[in-house]
Amino acid sequence: MTEEKFIHDSQTVLKFIQCYCDNEHFKSGKTKNFIRLNYKSRDLKEEIHYELCPKCEETLKYSYLKLQECPHDEKPSCRKCPQPCYDKPQWKLLAKIMRYSGMRFGVLRIRKFFSGFKKSA
């Protein structure tokens, strides 16, 4: 996996977890924090900033750790991976988060698309 792909995948996982946390745990005590990205023992100049509840922060850190350890040169999606590295409970939780956030992002994209028609009409 290239560094660019690693950065992109790290940011994508954060977006999905952030969306889920913002909508499901909006009353939980969230803290602002960041992760400085490291890939294959190299410090990258990228940081990902987030504001998550403790449970979602733990999920993000777990996902980031697994992404760092991914042995594949051409990284498949975790769902299609022949050698899944996630433990079953975390895999189920992340699948739930991805499903929820994916639906939410899809609805937002559709709304944005149709709001363009209202402005031009």
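The values are calculated or read from the model by the stated rules, or taken from the named source; none is laboratory data. Nothing here was measured: the structure is a model prediction, and the numbers come from that model. A quick note on method: Cβ atoms are made from the backbone with ideal geometry, for glycine too, and the neighbour counts reach across all protein chains shown. These accessible areas exclude ligands, DNA and RNA; they are computed on the full protein's heavy atoms, side chains included. Shrake-Rupley method; radii C 1.70, N 1.55, O 1.52, S 1.80 Å.
For the pairs K15/K96; K40/K96; K30/K96, flag any whose C-alpha to C-alpha distance is greater than 25 Å. All intermediate terms of the calculation are to be shown ahead of the outcome.
Numbers: K15/K96 14 Å; K40/K96 29 Å; K30/K96 20 Å.
As for pairs spanning more than 25 Å Cα to Cα, those are K40/K96.
Mind checking the per residue accessible area of the chain for me, 1.4 Å probe, whole number of Å²? Walk me through the intermediate numbers first.
Numbers: 8650 Å² over 121 residues.
Ligands and nucleic acids excluded, the figure is 72 Å² per residue.
Measuring nothing but protein heavy atoms, the accessible surface of the chain at 1.4 Å probe radius is 55 percent carbon and sulfur. Here the stretch 68-82 and the stretch 1-22 have alpha carbon centers that stand 14 Å from each other. Against the chain, whose longest principal axis comes from its Cα atoms, helix 54-68 is set at around 60 degrees. Sites counted here are trypsin sites (Lys or Arg not before Pro) in a DSSP loop (not H, G, I, E or B) having no more than 14 other Cβ atoms within 10 Å; the longest part of the chain that contains none of them is 41-121. How large is the Kirkwood hydrodynamic radius of the stretch 1-57, counting all unique pairs of alpha carbons, in Å? Taking the inverse mean of 1/r over all distinct Cα pairs, the stretch 1-57 comes out at 12.1 Å.
Let me know the charge dipole size of the chain about its Cα centre in debye, to the nearest 20, where only the beta-carbon of Lys, Arg (+1) and Asp, Glu (-1) is charged. Display every interim value, and only then the final one.
On the way: 25 positive and 15 negative charges, 145 e Å.
Dipole size: approximately 700 debye.
If you line up the long axis of helix 3-24 against the longest principal axis of the chain, both from Cα atoms, how many degrees apart are they, to the nearest 10? That helix lies at roughly 50 degrees to the long axis.
What GluC sites (Glu not before Pro) does the stretch 1-82 have in DSSP loop regions with at most 13 other beta carbons within 10 Å?
E69, E74
What's the magnitude of the charge dipole for the stretch 1-60 around its Cα centre, counting Lys and Arg as +1 and Asp and Glu as -1 at the beta-carbon? Answer in Debye, nearest 20.
Values: 10 positive and 11 negative charges, 18 e Å.
Here the stretch 1-60 has a charge dipole of around 80 debye.
For the chain, taking a cut-off of 4.7 Å between Cβ atoms, the unpaired cysteines are C19, C53, C70, C78, C81, C85. A Stokes-Einstein calculation at 10 °C with viscosity 1.306 mPa s, built on the Kirkwood radius of the chain over Cα pairs, returns a diffusion coefficient of 101 µm²/s.
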